[in-house]
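Below: the structure, in structure tokens.
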Amino acid sequence: MRIVVIGAGAVGSYLAERLSLEGQDVVVIESDAKRAAEVQEEIDCLVIHGNGASDETLSEAGVDRADLLIAVSSSDAVNVLATHAGGRLGAPRRIARVEDPQLRTEAEALGVDLLIDPGEATARDLELLVRQRGVSELIEFADGRLDLIGGFISSDAPVAGRTLAELRDMVDGWTWIVVAVIRDGETMIARGHTRILPGDHVLFMAETQQTEEAFRLLGLREEAARKVTVVGATRLAELTARRMAAGGIQTVLVDQDPERVRRIVADNQRIIGVCGDPTDPRLIQMEGVDTSDVILGLTGWDQVNILSCLVAKALGVPTAVARFHRLDLVRLLGGVGIDAAVSSRLSAANEILRFVRRGRIHSVVTFQDSDAEALEVEVGSDSRVAGKSLRDVHLSHDMIVGGLIRGDTVFVPRGDTKIQVADRLIVIALPKAIHEVERLSG
């Protein structure tokens, strides 16, 4: 598939890298010469320095031969103009990142196939984490009936030091399963011999409302927040604070810009505004931030998000969630002061990858500190796995089936589970196995 990506910022470069690793023919258009040169060095793809909304540049990128145009630059206007021009030049499918409501209306009128708003998507992810704090990820499948949950293993967790085969002997029934273990930046698809160590980042699939045993054995806690402090006055911070307050959670917003704080509070009087330095321990104690259940670092600067979270944790806030732009910092700080991380670029990438893999792929999820993906794939009548048990399918060791949706029924499958046509499989896979996952559909 030939894919033209406009914009080599956080979202564009991440998408280009993932799609290129899968063997897609990727062309990136970037208006900043220095950034274009950096991406050309970092990613195995063609990079063109130019204006992504220009007919000349789009023609140079071969947009008339492209299967998909993805416009994810930092400018809404450029993205809308680029998708319009790309459509005129022959791009059959177009995706645009647009946050401005008026421009979204114009883009819809131009026939853009998918409009994404990373801020809205990330705010939804944050709401899920806050409502089930103590976990690093909470991803819903099957309309919320199956959950993919992540957490960091403490030294006193019952499972610490045990293999997954030993863990299975400790489990009653079959309502949840560990699917992956992330250690020192390396993702291991779960196998019986996999040993869980303190500090590991573990992903497990569970039937919703059947997670109590998993939380106990993995040493995680599950508790909804009553008070949340949001650090920052960015668009993401405002969207998130509004969702928290609307959900009945006591919400405090802290930022050093008095005008932005006043505007946000004036628009939503259920939000308590505090103007000051969120990394100042005295402010945190004086304003009662230290009595929060969760602190969310959502400014536009990683260093401020990290420091404000670490200071609040040191003063007694149980859970800290930080917004990151640099994913290498997630690998360093995950589970060590920072309980969970969010990234607008990952939220955007998930929506785009779902579109790229559409057909019998119904959902795609990527992770902060792992190159694995979770995909929801529908089994077709001509699939090689239809009518076979999971044990007899002999799937790649780089993938695992963690959940199964069959009509109105959802469950965690076993080795003897027989796969049927129209089943939806929740598969966790490393990049080298993505094509095999896609072939499960037939």
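The values are calculated or read from the model by the stated rules, or taken from the named source; none is laboratory data. Bear in mind that the values here come from a model prediction, so they are computed numbers and not experimental data. Reconstructed Cβ throughout: ideal geometry from the backbone, glycine too, with neighbour counts over all protein chains shown.
Among the conditions (1) in the same structural domain as Glu17 (by TED's automatic domain parsing); (2) surrounded by fewer than 18 Cβ atoms within 10 Å (Cβ to Cβ), the only one that Gly87 does not satisfy is (2).
For (1) of a type in the set (S, T, N, Q); (2) part of a loop (DSSP other than H, G, I, E, B); (3) modelled with pLDDT under 95, each residue gets a yes or a no:
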site: Thr122; (1), (2), (3): yes, no, yes
site: Val130; (1), (2), (3): no, no, yes
site: Val135; (1), (2), (3): no, yes, yes
site: Asp143; (1), (2), (3): no, yes, yes
site: Gly150; (1), (2), (3): no, no, yes
site: Ser155; (1), (2), (3): yes, yes, yes
site: Trp174; (1), (2), (3): no, yes, yes
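Would you check which residues across region 405-437 are buried (at least 18 other Cβ atoms within 10 Å of the Cβ) and not in a loop (DSSP other than H, G, I, E, B) and list them? Selection gives Ile405, Val410, Arg424, Leu425, Ile426, Val427, Ile428, Ala429, Ala433, Ile434, Val437. When you go through (1) under 23 Å from Glu127 (Cβ atoms); (2) surrounded by fewer than 17 Cβ atoms within 10 Å (Cβ to Cβ) one by one for Phe367, which number turns out not to apply? Unmet for Phe367, out of (1) under 23 Å from Glu127 (Cβ atoms); (2) surrounded by fewer than 17 Cβ atoms within 10 Å (Cβ to Cβ): (2). Considering Val63, Val135, the condition of being touching a Leu at 6+ places or on another chain (Cβ under 9 Å) and within 30 Å of Gly407 (Cβ to Cβ) is satisfied by Val135 alone. Of everything listed in (1) in a helix (DSSP H, G or I); (2) farther than 20 Å from Ser343 by Cβ; (3) at pLDDT below 95, the single unmet condition for Val112 is (1). Determine, yes or no, whether Gly402 is assigned to a strand (DSSP E or B) and either more than 19 Å from Val365 (Cβ to Cβ) or of a type outside the set (A, V, I, L, M, F, W, C) (or both). Yes, satisfied. Could you list all residues from region 176-205 that are charged (D, E, K, R), assigned to a loop (DSSP other than H, G, I, E, B) and surrounded by 14 or more Cβ atoms within 10 Å (Cβ to Cβ)? Matches in region 176-205: Asp200 only.
Would you check if Ile48 is more than 30 Å from Ala433 (Cβ to Cβ) and not basic (Lys, Arg)? First the steps, then the outcome.
Details: more than 30 Å from Ala433 (Cβ to Cβ): yes; not basic (Lys, Arg): yes.
Judged against the criteria, Ile48 is a match.
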